[in-house]
2 protein chains.
Amino acid sequence: MSRFTILPDPRRQNEARLTPCAACEVRDLAICGVLNGAEIERVGAIVSNVRVEGGEVIFFEGDDAEHVFNIVAGVVRLFKLMPDGRRQVTGFLYPADFLGLALSATYAYSAEAVTPVRLCRFPRGKLERLLEEIPRLEKRLLGNAANELMVAQDQMLLLGRKTAKERLASFLMHLSSRAERRGETADPIALPMSRTDIADYLGLTIETVSRTFTRLRKDGLIDHADPHVVHVLDRGGLEELAGL
Amino acid sequence: MSRFTILPDPRRQNEARLTPCAACEVRDLAICGVLNGAEIERVGAIVSNVRVEGGEVIFFEGDDAEHVFNIVAGVVRLFKLMPDGRRQVTGFLYPADFLGLALSATYAYSAEAVTPVRLCRFPRGKLERLLEEIPRLEKRLLGNAANELMVAQDQMLLLGRKTAKERLASFLMHLSSRAERRGETADPIALPMSRTDIADYLGLTIETVSRTFTRLRKDGLIDHADPHVVHVLDRGGLEELAGL
DNA sequence: GCGGGATGTTGACCCGAATCAAGGTCGCCG
DNA sequence: CGGCGACCTTGATTCGGGTCAACATCCCGC
């Protein structure tokens, strides 16, 4: 019934208790980065560690929003579905990203693991109580939300007004600069998601995504032997196309 | 140089001081709805009343984000521009809506008045200090942001996956239910914005918007003698089309 | 009341991306 | 190691919405 496995190995649970949030590998980048030692312990007391296999559901649009999450490792896709199956991917989340903020009682979108994922899970009620006591954390969440809104507006511009080539260039530049911000390499861009995911994110079909990759390659802007690794050959040209 | 006129008539300024935020006509619907008497006075001490003519700029993307605003009366459009002039309208704001939340030092989008507008203007720094002292207000802003994010995701689905007919139906249902929430009539839907605005909001051209209005009319879903007033003939059909 | 600009509608045609269809590549399991 | 299924690429054709163009309507100022 459960959609994820709480780490079942007692040794691991123990390990989680011994090296909790204080030693979290994404702490500084995540919302927890604003917390001091005493505060981080309080957070540690309410979180669970959760694993989800690639392709598995984390939650569905309409589910009771009982938890919020921080991504510790792996990549997650968020999406909305129409009754006839049309899908719009609204975002890809990476380690340190926050997931599940909902005003209403239910989630407004679905979340699935793209790769195997490790999540830090907060019961919503307990987190809300913690927010009362740590205004700095609430401020951090507000900053987060403002940032997500900015990204969402960029995405609306992309979906409403850009051509297929511009969309793909924007997507690649976006991934590249995010990787850089996380301290990873900006040049060979890793694409953990499938062509279908990319298409549903960019408002295109898989065929158009594939053809557009080929066009960018023929134009000398990128190179890719492996469909999931893209080498940037002409960053300036890509940025130009992306509209930056 | 200034893009707006602070009420110049001393009688009015006086009036504003005598009947300030406490008597604000949109107070309950706006973020100020969470404030008590003493708090609202503190807000009243930092706001200015501002008027903007229809078609005038409120701020441009890239401007220093010195103020945030509450809309008291009128309709505002938010949009992003590409270097070649392509425009994406990211939202229409109505009385009681909050405007200008920005994490960065500059606005991430432009705002213009669609109709003549009255704004309540907060210097950003002063509001931030107020937020420190009134956590309830910050919580309200967070709720606001979460809500805007939900709307933004719906809009991404619209822009990425819906047909022209579905987009227009979604738009009309959206306006209608917002009007209802503000206590206005849900049936004759007022469209204060131009076809160009609607097109740039829905990721279409004005011609397609116009043709699609005609199609909805021929399908018996709506009626409109005046292009800025739409009568709903078949709400169920529109909702179905909109995907609800 | 009349002329002109802004806004909206309609028609003819075109084009970029969708659809339909066929292979290609890779990895996994028997 | 061979076959099957998932995923990606490429080609041929179609189609929804864009572009270009003409015209209608309204409003505003003179």
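The values are calculated or read from the model by the stated rules, or taken from the named source; none is laboratory data. From a predicted model like this one, the values you see are computed outputs, not experimental measurements. Please note: Cβ atoms are built from the backbone with ideal geometry, for glycine as well, and neighbour counts cover all protein chains shown. When the accessible area is computed, the model is the full protein with side chains, heavy atoms only, and any ligands, DNA or RNA have been set aside. Shrake-Rupley method; radii C 1.70, N 1.55, O 1.52, S 1.80 Å.
Taking the Cα centre as origin and putting +1 on Lys and Arg beta-carbons and -1 on Asp and Glu beta-carbons, what dipole magnitude results for the protein assembly as shown, to the nearest 20 debye?
Working: 64 positive and 68 negative charges, 29 e Å.
I would put it at about 140 debye.
Find the accessible area per residue for the stretch A:155-244; the probe is 1.4 Å, ligands and nucleic acids are left out, and the unit is Å². Each step should come with its number before you reach the end.
Details: 3980 Å² over 90 residues.
That works out to 44 Å² for each residue.
From the convex hull of the Cα coordinates of the protein assembly as shown, what is the mean projected area in square nanometres?
25.4
If I compute solvent accessible area with a 1.4 Å probe over the protein chains, what percent of it on the stretch B:5-136 is carbon and sulfur?
On the way: 3150 of 6080 Å².
Ligands and nucleic acids excluded, carbon and sulfur give 52 percent.
For peptide A:135-145, what's the mean number of Cβ atoms from other chains within 10 Å of each residue's Cβ? Each step should come with its number before you reach the end.
Working: counts 6, 0, 0, 6, 7, 0, 5, 11, 4, 3, 11.
Mean number of neighbouring Cβ atoms from other chains: 5.
Once R0 is set to 60 Å, what does the formula 1/(1 + (r/R0)^6) return for the Cβ-Cβ distance between residue B:49 and residue A:84, expressed as a FRET efficiency to the nearest 0.05? Intermediate results must be reported in sequence, preceding the final value.
Working: r = 49 Å, r/R0 = 0.81.
Calculated transfer efficiency: 0.80.
Got a number for the accessible area of residue B:182? Probe 1.4 Å, square angstrom, nearest 10.
Counting only protein heavy atoms, residue B:182 exposes about 60 Å² to solvent.
Which sequence of B:207, A:239 reflects their accessible areas, 1.4 Å probe, from the largest down? The partial results should precede the final answer.
Working: B:207 100, A:239 70 Å².
Most to least solvent-accessible, the answer reads B:207, A:239.
Which net charge results when you count Lys and Arg as +1 and Asp and Glu as -1 among the other residues whose beta-carbon is under 12 Å from that of residue A:36?
Details: positive: A:27, A:42, A:136; negative: A:39, A:41.
Surrounding charge for residue A:36 is +1.
If Lys and Arg each add +1 and Asp and Glu each add -1, what is the summed charge of the other residues whose beta carbon sits under 11 Å from the beta carbon of residue B:238? Before the final figure, lay out each step's value.
Details: positive: B:165, B:235; negative: B:166, B:219, B:234, B:239, B:240.
Summing Lys and Arg as +1 and Asp and Glu as -1 gives -3.
Starting from the residue with the highest accessible area, list B:138, B:66, B:240 in decreasing order, probe 1.4 Å. Mind dumping the intermediate values first?
Values: B:138 10, B:66 110, B:240 145 Å².
The residues order as B:240, B:66, B:138, largest area first.
Springs between alpha-carbon atoms under 10 Å, Gaussian network over chain B: tell me which of B:179, B:169, B:73 tops the mean-square fluctuations.
Among B:179, B:169, B:73, the largest mean-square fluctuation in the Gaussian network model of chain B belongs to B:179.
Give me the net charge for the shell around residue A:211: Cβ to Cβ below 12 angstrom, other residues only, Lys and Arg +1, Asp and Glu -1. Walk me through the numbers before you get to the answer.
Details: positive: A:165, A:195, A:215, A:217, A:218; negative: A:207.
Residues near residue A:211 contribute +4 overall.
Residues of the stretch B:64-83 with accessible area at least 50 Å² lower in the all-protein-chain context than alone (1.4 Å probe)?
Residues shielded by partner chains are B:80, B:82.
Need one value: the accessible area of residue B:120 in square angstrom, 1.4 angstrom probe, rounded to the nearest 10.
The accessible area of residue B:120 comes to roughly 20 Å².
What gaps in nm, shortest first, separate residue B:128 from its twins in the other copies when you place the label 7 Å past Cα toward the beta carbon?
Counterpart label points of residue B:128 in the remaining copies fall at 2.9 nm.
Sort A:130, A:233 from largest to smallest accessible area, using a 1.4 Å probe on the heavy atoms of the protein chains. Display every interim value, and only then the final one.
Details: A:130 10, A:233 110 Å².
Output order, biggest surface exposure first: A:233, A:130.
Does the stretch A:5-151 come out rounded, prolate or oblate, given a ≥ b ≥ c as the square roots of the eigenvalues of its C-alpha gyration tensor, rounded meaning a/c under 1.5 and, failing that, prolate meaning a/b above b/c?
On the way: a/c = 1.82, a/b = 1.29, b/c = 1.41.
Here the stretch A:5-151 falls in the oblate category.
Give the carbon-plus-sulfur fraction of the accessible surface of the stretch B:162-242 in %, rounded to a whole number; probe 1.4 Å, heavy atoms of protein chains only. Intermediate values should be presented prior to the final figure.
Details: 1860 of 3690 Å².
Solvent-exposed carbon and sulfur of the stretch B:162-242 make up 50 percent of the total.
Quick one: if the Förster radius is 56 Å, what FRET efficiency do residue B:42 and residue B:218 give, using the C-beta to C-beta distance and rounding to 0.05? List each step's numbers first, then the result.
Values: r = 55 Å, r/R0 = 0.99.
With a Förster radius of 56 Å, E is 0.50.
Between A and B, buried accessible area summed over both sides at probe 1.4 Å, in Å² to the nearest 100? Write out the running numbers ahead of the final one.
Numbers: alone 13050 and 13050 Å², together 22200 Å².
So the total buried area for this chain pair works out to about 3900 Å².
I need the inter-copy label distances for residue A:83: point set 7 Å along Cα to C-beta, values in nm with one decimal, smallest first.
Here residue A:83 shows inter-copy label distances of 4.5 nm.
Can you list, shortest first in nanometers, how far residue B:240 lies from the same residue in the other copies, with each label 7 Å from Cα toward Cβ?
Copy-to-copy label distances at residue B:240, shortest first: 5.0 nm.
May I ask which residue of A:175, A:196, A:232 lies farthest towards the positive end of the charge dipole of the stretch A:162-242, with charges of +1 (Lys, Arg) and -1 (Asp, Glu) on Cβ and the Cα centre as origin?
Sorting the options by dipole projection puts first A:196.
Counting partner chain Cβ atoms within 10 Å of every residue's Cβ in A:103-114, what's the average?
Other-chain Cβ atoms within 10 Å of each residue's Cβ, averaged: 2.
Report Rg(Cα)/(2.2 N^0.38 Å) for the stretch B:162-242, keeping two decimals.
Working: Rg = 11.5 Å, N = 81, 2.2 N^0.38 = 11.7 Å.
That works out to 0.98 for the stretch B:162-242.
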